[in-house]
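Contents: one structure, followed by commentary.
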Amino acid sequence: MAGAEGDDSLYPIAVLIDELRNEDVQLRLNSIKKLSTIALALGVERTRTELLPFLTDTIYDEDEVLLALAEQLGSFTVLVGGPEFVNCLLPPLESLATVEETVVRDKAVESLRKISQEHSPVDLEVHFVPLVKRLASGDWFTSRTSACGLFSVCYPRVSSTVKAEIRHSFRNNDFTPSLQRNIKLRFPCCISFSLQDSVRLLAVEAGVSIATLLPQEDLEALVMPTLLQAADDKSWRVRYMVADKFSELQKAVGPEITKTDLVPAFQNLLKDCEAEVRTAAANKVKVFCENLLEDSRETIIMTHILPCVKELVSDTNQHVKSALASVIMGLSTILGKDNTVKHLLPLFLVQLKDECPEVRLNIISNLDCVNEVIGIRQLSQSLLPAIVELAEDAKWRVRLAIIEYMPLLAGQLGVEFFDEKLNSLCMAWLIDHVFAIREAATCNLMKLVEKFGAEWAQNTIVPKVLGMANDSNYLHRMTTLFCINALSEICGQEITTKHMLPVVLKMSTDQVANVRFNVARCLQKIGPDLDSSALQAEVKPVLEKLATDQDMDVKYFALEAISVHSTLFTCVPSLERKKKSHVLSRFNRRVLRVHRADCVLSTWLDCGLSRNLLYAMKSHLYHELFPSRDHIIESVVLQHRMHV
């Protein structure tokens, strides 16, 4: 009976052996997935003495089987008798950590890292560290790659002597580039031994992370020499990574090391020959200066950092200047009023006049930092004259750029200062001889009203805009209508009906047809902002009158406005008939299109396009729109009447 019981107890391992030797991969895979069940049946002692040695000797199989085995062994601690006997799992996992397939090695390393936490410090030095050393000194890169993943779990828990041995073993091995990349993620002190810049690149980030964990003496001895060497690396990518991580490195090493070691390194990065490195370093100027020791901060900035900043202000690369402009204003709060006025304001003026729009925008966006330090009066005496000078520049694109920044600048300076210094400038843009400037100025007014409110607009902006309706230049009168279009919705119904509408209605009798048809368009735009009584009593009669105007464009836009507001008031039947039968007939729509196209072609002629080519284009357009000869003659006659 005892023999039968003994035979029965051997049955599970016999099944395992048979299935592991089966030619069917799926059967072998299923047997591996049942290892925990088989181990429970065998018991902890037979699992240690029979099952694990068998698995260690048969580590040659398909990758799927080995992957499942590596995963199973990671949870075998209880099945072998607990943490006291967990070292029994190391031999099969060590073999799995040397196979060629990457996913199997990674899973074996993952299981080894998991069971390493079950080792006591003594067992870790006796059993686990020798395993890491064997893997690190293996002939094939596969084992050495696996060793990289095990270093971080054993290194913090071993004695100083063993730590030194591990570091020595790593320094005295010839690692391939792919292996070095794994090492650098966990062992940054090896940076100086790598010839691959991609490896040194990874080491910088890892070194910064580990610097936060090491005591001061180890930091100075192990990490700082290699990181400072990286800051002067021959590869610009490595130097760029150092510059990009410089603020994190500064916080990790503390103020004393920053003062002695990092300040010279930061100077070199700001003067680097590569624009990408200078850009990354320029972005860190403000943060670096803020983290300096307070008692020596001003001296370091004025002596070491500011000379480099002055060179970057006139850098040849626009990305460097833009990066610097985004942070340089923040130095004013660090250096104080006197140093800002004496040293920083001249730099701000240079960047404010820079040809790159991003540089100017970054300066204007941060004026509030300077305003807090030197006050609005000093700011108006220094920077604002430069802004006004740019706003009156002979090149219209420069003026356009300043207009785009004006709402932002107004928000920085406040409504009172804006009314005193910049309001007249904004109104002057409305009568600029370039249409793009007048258009941008109109949008600028809308944004200013959104920022300062309708009451401010009623008292400050609206009277000046409406006063332009009496200007002798019809372009300025049209600008009044454009401004009313933009401001009506923001200002609200009361201001629109009481102040703007009477001016628009008065302009409906303007002698210039362009003004009259823009009146029709304006009434169409502001109609929803008016009350129904004003629409019926005032707007409707004016639109009806414009619908009988002699000018084709005026008729078109007047009837279009009537059509849009047809739900708000009843249109005159006779006008509706005219709209359908005459004015907006398909033929006259063609005439209108030719009239507009003729204006475009005339503009092209002014730009220097060949007159013969323009005539050919015009002739082709006429034949496209008017197939019959009579239509062409009538269209030419109508256009002649329009021009007359």
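The values are calculated or read from the model by the stated rules, or taken from the named source; none is laboratory data. Keep in mind it's a predicted model, so treat the numbers as computed, not measured. Note that we place each Cβ from the backbone using ideal geometry, even for glycine, and neighbour counts take in every protein chain shown. Heads up: the accessible areas ignore ligands, DNA and RNA and are worked out on the full protein's heavy atoms, side chains in. Shrake-Rupley method; radii C 1.70, N 1.55, O 1.52, S 1.80 Å.
Just a few scattered comments:
- Count of segment 350-392 residues, restricted to those that are open to solvent by 50 Å² or more (accessible area, probe 1.4 Å) and more than 27 Å from the chain's Cα centre (by Cα), is 8.
- Segment 504-525, residues that are open to solvent by less than 30 Å² (accessible area, probe 1.4 Å) and of a type in the set (D, E, K, R): Asp510
- Selection status of Ser146, in a helix (DSSP H, G or I), within 20 Å of Ala206 (Cβ to Cβ), modelled with pLDDT under 80 and assigned by the TED database to the domain that holds Leu89: no
- Pairs with Cβ under 8 Å, 6+ apart, first in segment 430-454 and closer than 13 Å to Arg397 by Cα, second among the charged types (D, E, K, R) and open to solvent by 60 Å² or more (accessible area, probe 1.4 Å): Ala440/Glu404
- The set of residues in segment 526-538 being part of a helix (DSSP H, G or I), surrounded by fewer than 18 Cβ atoms within 10 Å (Cβ to Cβ) and not aliphatic (A, V, I, L, M) consists of Pro528, Ser532, Ser533, Gln536, Glu538.
- Pick from segment 552-568, criterion outside any helix (DSSP H, G or I) and surrounded by fewer than 17 Cβ atoms within 10 Å (Cβ to Cβ), ranking: modelled with the lowest pLDDT: Leu568
- Matching residues in segment 315-336 - criterion: being loosely packed, with under 14 Cβ neighbours inside 10 Å and either at pLDDT below 90 or among the aromatic types (Phe, Trp, Tyr) (or both): Gly336
- Residue within segment 251-262 that is surrounded by 16 or more Cβ atoms within 10 Å (Cβ to Cβ), under 26 Å from Asn366 (Cα atoms) and touching a residue at least 12 places away in the same chain (Cβ under 8 Å) present: no
- Residue check: Pro528 meets all listed conditions (1) farther than 29 Å from Glu450 by Cα; (2) modelled with pLDDT under 85; (3) of a type outside the set (Lys, Arg); (4) touching a His at 6+ places or on another chain (Cβ under 9 Å) but one, namely (1).
- When segment 26-50 is limited to residues that are polar (S, T, N, Q) and open to solvent by less than 70 Å² (accessible area, probe 1.4 Å), the one that is modelled with the lowest pLDDT turns out to be Ser31.
Residues are listed down the side, and each one gets a yes or a no for (1) touching a residue at least 40 places away in the same chain (Cβ under 8 Å); (2) under 24 Å from Thr49 (Cα atoms); (3) among the charged types (D, E, K, R):
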{"residue": "Leu93", "(1), (2), (3)": "no, yes, no"}
{"residue": "His119", "(1), (2), (3)": "no, yes, no"}
{"residue": "Val122", "(1), (2), (3)": "no, yes, no"}
{"residue": "Pro130", "(1), (2), (3)": "no, yes, no"}
{"residue": "Ser137", "(1), (2), (3)": "no, no, no"}
{"residue": "Ser146", "(1), (2), (3)": "yes, no, no"}
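- Odd one out for Ile257 among (1) touching an Asp or Glu at 6+ places or on another chain (Cβ under 8 Å); (2) outside any helix (DSSP H, G or I); (3) among the β-branched types (Val, Ile, Thr): (2)
- Ile403, sole failed condition from (1) open to solvent by 20 Å² or more (accessible area, probe 1.4 Å); (2) farther than 18 Å from Val462 by Cα: (1)
- Each residue in segment 469-485 was checked for being within 44 Å of the chain's Cα centre (by Cα) and open to solvent by 20 Å² or more (accessible area, probe 1.4 Å), and 6 pass.
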